[in-house]
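Report on the structure given below.
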Amino acid sequence: ALNHGELAVHFQPIYATQDQRILGVEALLRWQQPDGSYISPAEFVPVAEECGLMNRIGEFVLERSCKQLGEWRAAGIQLPQICVNVAKVQLMSGDFVPTVKRVLAKYDIDPQGLELELSERGVLSGDYDVLTQLQGLKNLGVRLSIDDFGTGYSSLSYLKRLPVHRLKIDRSFVCNLPHAHDDATIVRSIMDLGRHLGMQVIAEGIETEAQSDFLRDAGCTEGQGYLFW
C-alpha cells in the first residue's frame, strides 16, 4: 500500500462548539481499495505495528499533513492548526524530534501550527524515555494532546508531569450523550480535570445536534465528529 500510493490522508474539521468556527483539522489515515471501499485503520494499523512499519507510515502522514497545511496557507486559507496522531514507537525512535523539526522547516510551518496527538496508552505509562521525547517536542514549540482520554490505564500522578496542552474525550463517552447519566458524569469529570490542570478539552465523535448542545452547555468549547464532517 505504501509503495503503490494506496494510503491517503483525509482531514476532519475541529470546530468551536459555540459558533461552529473551524479551529483546525485532524489528519486521518485511510486505505482505499480498488472497489472504492476502505480498510479500517483499526484493522491495518496493528498489522503495520507488527511489521515494523509505523515509523515509515507516521512520517508519511506527518509529511502529507504539513505539506497540505502549507498549501492551504499559500492559497489564503489561514487554518490555525493541523493535528497528527503519533504512535509510541515513533516517540521511542531516537530521531523523531529531529524528523518533526525537519518536516516543519521543509514546509515552512510554524511549530505552533502542528499538534501531535498521542494515545493515552502510549504516554501515561510512566516511561521516562517518553517524557524526555515529549519535552523535546515541547521545546520545538509543537503542541501536544492526549487522544482517546479515559480509555486507557491512566496514571494521574504522571499526567500532571506531561508537557501536554489538550485532552481529547474519547468518542465512547460521547456516543450516548445526553441521555447516559454515567457517560455525562465522566465527560464533566474529564473537563474538570483538564481545566484544573490548565489543559484544553475537546470532544471526539460528535454525531448529533443533541450531543453538540450538551457538550457546549457543559462547557466543552471544541469538538469534532461526523456532525460537521
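Among the residues of region 7-57, write down those that are open to solvent by 20 Å² or more (accessible area, probe 1.4 Å) and either touching a Cys at 6+ places or on another chain (Cβ under 8 Å) or at positive phi (or both).
Gln20, Gly36, Gly52
Have a look at Leu167, Leu227 and point out the one that is at pLDDT below 95, in a helix (DSSP H, G or I) and aliphatic (A, V, I, L, M).
Matching residue, one of Leu167, Leu227: Leu227.
Exactly one of (1) hydrophobic (A, V, I, L, M, F, W, C); (2) open to solvent by 60 Å² or more (accessible area, probe 1.4 Å); (3) within 18 Å of Tyr15 (Cα to Cα) is unmet by Leu197. Its number?
(3)
Would you kindly identify the helices (runs of 4 or more DSSP H) lying entirely within region 28-100 that contain at least 2 residues that are over 17 Å from the mean Cα position of the chain (by Cα)?
Working: elements: 41-50, 54-74, 88-92.
Because the criterion is at least 2 residues that are over 17 Å from the mean Cα position of the chain (by Cα), the helices (runs of 4 or more DSSP H) in region 28-100 that meet it are 41-50, 54-74.
Among the residues of region 166-189 satisfying the criterion of being surrounded by fewer than 21 Cβ atoms within 10 Å (Cβ to Cβ) and of a type in the set (A, V, I, L, M), which is nearest to Cys83 (Cα to Cα)?
Here the answer is Ile186.
What number of residues within region 170-208 are part of a helix (DSSP H, G or I), hydrophobic (A, V, I, L, M, F, W, C) and farther than 24 Å from Gln20 by Cβ?
From region 170-208, those part of a helix (DSSP H, G or I) are 171-174, 181-196; that's our starting set.
With hydrophobic (A, V, I, L, M, F, W, C) added as a condition, the list becomes 173-174, 184, 186-187, 190-191, 193.
Next, only the ones that are farther than 24 Å from Gln20 by Cβ stay: 186, 193.
The number of residues fulfilling the criteria is 2.
Residues checked against (1) of a type outside the set (A, V, I, L, M, F, W, C); (2) closer than 30 Å to Thr132 by Cβ; (3) crowded, with 17+ Cβ neighbours inside 10 Å:
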residue: Val164; (1), (2), (3): no, yes, yes
residue: Asp192; (1), (2), (3): yes, yes, no
residue: Ile202; (1), (2), (3): no, yes, yes
residue: Asp217; (1), (2), (3): yes, no, no
residue: Glu222; (1), (2), (3): yes, yes, yes
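Take the conditions without any contact (Cβ under 8 Å) to a residue 60 or more places away in the chain and open to solvent by 80 Å² or more (accessible area, probe 1.4 Å) and apply them to Glu71. Does it pass? Don't jump to the end; show me each part of the working.
Numbers: without any contact (Cβ under 8 Å) to a residue 60 or more places away in the chain: yes; open to solvent by 80 Å² or more (accessible area, probe 1.4 Å): yes.
Here the answer is yes, as Glu71 does meet what is asked.
Picking from Leu118, Leu69, which residue would you name as being more than 18 Å from Ala8 (Cα to Cα) and in contact with a helix residue (DSSP H, G or I) (Cβ under 8 Å, 6 or more places away or on another chain)?
Values: Leu69 fails: more than 18 Å from Ala8 (Cα to Cα).
None of the other options fit; the residue is Leu118.
Take the conditions more than 23 Å from Val86 (Cα to Cα) and in contact (Cβ under 8 Å) with a residue 40 or more places away in the chain and apply them to Thr221. Does it pass? Walk me through how you get there before you give the answer.
Details: more than 23 Å from Val86 (Cα to Cα): yes; in contact (Cβ under 8 Å) with a residue 40 or more places away in the chain: yes.
For Thr221, the condition - more than 23 Å from Val86 (Cα to Cα) and in contact (Cβ under 8 Å) with a residue 40 or more places away in the chain - is met.
The values are calculated or read from the model by the stated rules, or taken from the named source; none is laboratory data. Note that the coordinates shown come from a computational prediction; the quantities given were computed from them, not determined experimentally. Every residue, glycine as well, gets a Cβ built from its backbone with ideal geometry; the counts of neighbours run over all protein chains shown. When the accessible area is computed, the model is the full protein with side chains, heavy atoms only, and any ligands, DNA or RNA have been set aside. Shrake-Rupley method; radii C 1.70, N 1.55, O 1.52, S 1.80 Å.
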